[in-house]
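Peer 1: Handing you a structure now.
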């Protein structure tokens, strides 16, 4: 028969974690409390169903293909803006999407498959104003 003691881990970033220590035959076995698992699962579920209004996609394209690719991007209904820009990236695209899965589909299946697109970088805003 073991002795049980509950430890509370504080003074660390993130949620407070509770650990239960079972002292069995001189060894310590740490197990996470079920309540902590439920909390983590709830956070993961909330984040995966999180809706957001838009994202920005920075696009690199082959030299001279900018105008043609912007015209192709106009055909994608979820793309509300596309701009040829100077700098490290060639085109900035604003995409409307209801959830992360839809955004992934638009970027992977619609933007990246356009002939002449070399690579993309997706930015999801978390704070700001229109």
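Peer 1: Do we find a residue being touching a strand residue (DSSP E or B) at 6+ places or on another chain (Cβ under 7 Å), modelled with pLDDT under 95 and within 27 Å of residue 129 (Cα to Cα) anywhere in region 34-54?
Peer 2: yes
Peer 1: Filter region 101-129 down to residues that are surrounded by 14 or more Cβ atoms within 10 Å (Cβ to Cβ) and part of a strand (DSSP E or B), then give me how many there are.
Peer 2: 3
Peer 1: Further question: How many of the residues in region 72-100 are modelled with pLDDT under 95, assigned to a loop (DSSP other than H, G, I, E, B) and surrounded by 12 or more Cβ atoms within 10 Å (Cβ to Cβ)?
Peer 2: 2
The values are calculated or read from the model by the stated rules, or taken from the named source; none is laboratory data. All values derive from a computational prediction rather than experimental measurement. Using ideal geometry, Cβ is built from the backbone for each residue, glycine included, and neighbour counts are taken over all protein chains shown.
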